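Every number in this text was worked out from the coordinates using simple rules, so none of it is lab data. Source: prediction; values computed, not measured. Cβ atoms come from the backbone with ideal geometry, glycine included; neighbour counts cover every protein chain shown.
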Amino acid sequence: MSLALNAQTLQGKVVRVADGDTITILDSTNAQHKVRLNKIDAPEKSQAFGEVSRKHLASMVAGNVVKVEWTKKDKYGRILGDVIVGNVNVNLRMVQDGLAWHYKRFDNTKEFAQAEIEARAKKVGLWRDANPIPPWEFRKTRKETK
């Protein structure tokens, strides 16, 4: 998996798992960094599989030192990055385990697209539901009802 030449690496201990695609890490200077897992979109907390997704991510990263490879921040100031524990790409693992969608609107990585296809075929995680609602659709309907 190649990253852009201007990629940066951040290392720190995961001190909070907000949901299935957002964590907070503490670096060696005790500075906190909010990290949004790149290339994926996990169910919202109030959505079906939202808490399952959050707990699954927490089981992989909570309390662990992780490496975050990133190139930019999102409009909320969060680092958009690939989270690595040991030699495991956590972002990809969330898709493989059926607890996040590949966020095709912002990413065209074949490896992530294939991981989602395989998770759907195996009916793992949220793919056990007949018609799981993508988080971007869920967010849209919530905005319309407010």
Problem - Partners for Lys73 among lysines (Cα-Cα distance below 20 Å; same-chain residues under 8 apart left out) - result: Lys13, Lys34, Lys39, Lys104
Completion exercise
In whole Hz, the Karplus estimates of ³J(HN,Hα) for the stretch 43-49 (6.51, -1.76, 1.60; θ = phi - 60°; x where Gly or Pro) are x, 5, 4, 8, 9, 3, 6
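Per DSSP H run of at least 4 residues, take -39500 (n - 2.57); add these up for the chain, divide by its residues and hand me the 222 nm value, nearest 500 deg cm²/dmol.
Working: 4 runs with 43 residues, N = 146.
Helices in the chain give a 222 nm mean residue ellipticity of -9000 deg cm²/dmol.
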Fill in the blank from the handout: For Cα extents along the principal axes in Å the list reads (1) 45, 42, 34; (2) 61, 41, 25; (3) 45, 35, 26; the calculated value is entry (3)
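Would you mind calculating the relative contact order of the chain from Cα pairs under 8 angstrom and at least 6 residues apart, reporting the percent as a whole number? Please list the in-between numbers first.
Details: 264 pairs, mean separation 33.2, N = 146.
Once divided by the residue count of the chain, the mean separation gives 23 percent.
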Problem - 3J(HN,Hα) from dihedral phi, the stretch 103-116, Karplus parametrisation 6.51/-1.76/1.60, rounded to Hz, x for glycine, proline - result: 8, 4, 4, 10, 8, 10, 5, 4, 4, 6, 4, 5, 4, 5
Practice task
Pull out a ≥ b ≥ c, the square roots of the eigenvalues of the alpha-carbon gyration tensor of the stretch 93-146, then state rounded if a/c is under 1.5, prolate if not and a/b is larger than b/c, and oblate in the remaining case.
Solution key: oblate
Exercise for the section: Search the structure for amide H atoms under 5 Å from the amide H of Lys73, placed 1.01 Å from N in the peptide plane, and list their residues when 5 or more places away or on another chain. Expected result: Leu80
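For Ser28 and Lys67 in one chain, what is 0.36 nm times their gap in residues minus the Cα-Cα distance, to one decimal in nm? Mind dumping the intermediate values first?
Details: separation 39, 0.36 × 39 = 14.04 nm, distance 1.22 nm.
Length gained between Ser28 and Lys67: 12.8 nm.
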Fill in the blank from the handout: For the stretch 76-87, Karplus-derived ³J(HN,Hα) couplings (6.51, -1.76, 1.60; θ = phi - 60°; whole Hz; x for glycine and proline) come out as 9, x, 7, 6, 9, x, 8, 9, 10, 10, x, 10
Exercise for the section: Return the long-range amide H neighbours of Asp97 (sequence gap of 5 or more, or a different chain), with a cut-off of under 5 Å between placed amide H atoms. Expected result: none
Handout entry: Cβ charges +1 (Lys, Arg) and -1 (Asp, Glu), total dipole of the chain, debye
Key = 360 debye
